[in-house]
């Protein structure tokens, strides 16, 4: 289970005195605990992964803002945290793999296709395996053909 992996990694990071990793893992444990309290039951695996994805998205947004403000050190710290968090997520589809899934999904849908219906169908297949922005770009390009 994800929680036990986080706990084991936290213990290892504490022994290695890797403060960024310790802080990131503690933050993740806290986010999981807050979500558990919020919904009122123990988190299922997919709910835990959703919390991790949310934390990764927050890091992506922070990196963008720090880079825009010229704060390279802060952006680098957020990038390291994002990499640590991504280790808990399933492997993401590559651009080529995603393009194949999008093409196959759109081919199976009735024509004419609306962007919203296409996105809904593709996201149902790649949930958790691809970023929504990347999916939107590829769907838009395929619909424009």
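A short reminder: the numbers here are calculations on the coordinates, not readings from a lab. Small disclaimer: the values here were computed from a predicted structure and weren't measured. FYI the Cβ positions are ideal-geometry reconstructions off the backbone, even for glycines, and counts take in every protein chain you see.
So, in segment 79-92, how many residues would count as being outside any helix (DSSP H, G or I) and over 12 Å from the mean Cα position of the chain (by Cα)? Walk me through how you get there before you give the answer.
Just the residues of segment 79-92 that are outside any helix (DSSP H, G or I), to begin with: 87-92.
From what is left, the residues that are over 12 Å from the mean Cα position of the chain (by Cα) are none.
Counting residues in segment 79-92 that are outside any helix (DSSP H, G or I) and over 12 Å from the mean Cα position of the chain (by Cα) gives 0.
Would a scan of segment 62-78 turn up a residue that is within 18 Å of the chain's Cα centre (by Cα) and either within 21 Å of residue 8 (Cβ to Cβ) or assigned to a loop (DSSP other than H, G, I, E, B) (or both)?
The answer is no, given that none of the residues of segment 62-78 is within 18 Å of the chain's Cα centre (by Cα) and either within 21 Å of residue 8 (Cβ to Cβ) or assigned to a loop (DSSP other than H, G, I, E, B) (or both).
I need the full set of residues from segment 30-51 which are in a helix (DSSP H, G or I) and touching a helix residue (DSSP H, G or I) at 6+ places or on another chain (Cβ under 6 Å), in order please. Outline the logic, then answer.
The first filter runs over segment 30-51 and keeps only residues in a helix (DSSP H, G or I), leaving 30-39, 45-51.
Listed by number, the residues that qualify are 31, 32, 35, 48, 51.
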